[in-house]
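Take a look at the structure below.
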Amino acid sequence: MRVNRQRSSSAKGPTVRIRRILVALAMTPAIFGIAAPAYAAAPAVSFTKIQYNSPGTDTRSNASLNAEWVRLTNNTSKAIQLKNWTVRDKSNHVFKLPTVTVAARANLYIHTGKGTAYSGHIFWQSGNYIWNNTGDTATLRNTAGKTIDTCTWKSGTAPTNC
């Protein structure tokens, strides 16, 4: 013999009430015209890693200077031209990027010392270290001077992931 049992509304009450409350809360911003929180989109080009403390003794040799670098990453699916963009530190050492195109999802390394550009690597052509080991901020600006990205670190020896 089969007994047909129906749940009374009170038996499922707490679960149903909680669902109704959650739905009502989720709709509250829309009802009152409140926008949902905005999340910043990743910039098209960003700092992703900085080796601010050249490994080993700071000898100011070109090899040591070039072991100090910043890595920019193109976060888009299209190549981006960075001619006349700038990278700078807190002390306002400024590097104006030459005509350089970063392929989609590719990296560009900017080494502090002297050298000749090759695939994915360019050189500041400086005879001095740029990035402070005790902490600094790297700033990337586009040709209009708008800040696109920054990366800040405190003292240490390891590269910083931005």
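Computed from the coordinates by the stated procedures, all read-outs in this text should not be read as laboratory data. Keep in mind it's a predicted model, so treat the numbers as computed, not measured. Every residue, glycine as well, gets a Cβ built from its backbone with ideal geometry; the counts of neighbours run over all protein chains shown.
Residue count for region 65-94 satisfying the condition of being outside any loop (DSSP other than H, G, I, E, B) and touching a residue at least 60 places away in the same chain (Cβ under 8 Å): 3. Within the set ASN75, ASN84, ASN92, the sole residue that is surrounded by fewer than 20 Cβ atoms within 10 Å (Cβ to Cβ) and under 19 Å from the mean Cα position of the chain (by Cα) turns out to be ASN75. Selection of region 43-72 for residues being touching a helix residue (DSSP H, G or I) at 6+ places or on another chain (Cβ under 9 Å) and crowded, with 16+ Cβ neighbours inside 10 Å yields only SER54. Yes or no: region 100-121 includes at least one residue that is assigned to a loop (DSSP other than H, G, I, E, B) and free of Cβ contacts under 8 Å to residues at least 12 places away in the same chain. Within region 100-121, one or more residues are assigned to a loop (DSSP other than H, G, I, E, B) and free of Cβ contacts under 8 Å to residues at least 12 places away in the same chain.
Determine, yes or no, whether SER119 is of a type in the set (S, T, N, Q), exposed (fewer than 12 other Cβ atoms within 10 Å of the Cβ) and farther than 27 Å from ASP58 by Cβ. The answer is yes for SER119. The single residue among THR139, THR147 that is within 16 Å of PHE47 (Cα to Cα), exposed (fewer than 15 other Cβ atoms within 10 Å of the Cβ) and of a type in the set (Ser, Thr, Tyr) turns out to be THR147.
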